[in-house]
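See below for the structure under consideration.
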Amino acid sequence: MSSGPSSPSASSRAGASWSGCSTCSPARRAPPEAPPRCPRAPPACPGPASGRRSLAEEFHVSSLVVHCRREHAGTAAAAIEAMEGLEVHGGIAEGKLVVTLETTSEAAIVERLNAIQVMDGVLAATLVFHHAEPIEPCEAIPGSRTP
C-alpha cells in the first residue's frame, strides 16, 4: 500500500478534513446564511444589514482633481464638461481642474474617472470626495416611486 499524498492516512496526517465522500464534499455544503436585514429598512428593501439599497435608488456626489498639462487644460476641461454629470469649477489656468460628478452608481464614478485619466494631456485624475444618499420618493413629484 502506498503512503503517498492520495492515501487516506496521508490526508488525515496532513490535517485534511474532507474524506472524499461526494455527499459531504465542500461543494455540496449548504451556502452561508444571508446577512440579516436592516431593521430600519422598509419591507421592499433587499439590502443587507448595512442598510444599502439597490444602485438605482442612490445618488452619488463626488469631487475630483484633474491635473493636466497647462497647454491642454482648456481642451480637457471642455471634454470633461461634455460628459454627463460632470462640471468643471476652476483651475484651468493652473492645469489643476476642480471637478464635481453626480451619478446614480459607484460604477459610473469609476467609469468616468477612467475616461478622464486616458484623455490627452491629463497627467492624473484623483477622487478626493465621495458621498452617497438614498433617493427618497417625493409625493409632490407626479410619478415618483413609493417604497
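Every number in this text was worked out from the coordinates using simple rules, so none of it is lab data. All values derive from a computational prediction rather than experimental measurement. Ideal geometry is used to build each Cβ from the backbone, glycine not excepted, and the neighbour counts take in all protein chains shown.
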If Arg70, Arg112 are placed from fewest to most neighbouring beta carbons inside 10 Å, the sequence is Arg70, Arg112
Roughly what would the spin-label model give for Thr100 and His130, points 7 Å off Cα along C-beta, in nm? 1.9
Extending each Cα 7 Å along its Cβ direction at Leu123 and Glu111, get the distance between those two points in nm, one decimal. 3.0
Quick note on Leu101, Leu123, ordering by fewest other C-beta atoms within 10 Å, gives Leu123, Leu101
How large are Rg and Dmax for segment 55-134 when calculated on the C-alpha trace, in angstrom? 12.2, 40
Burial order of peptide ranges 76-85, 127-136 (average beta-carbon count within 10 Å, highest first): 76-85, 127-136
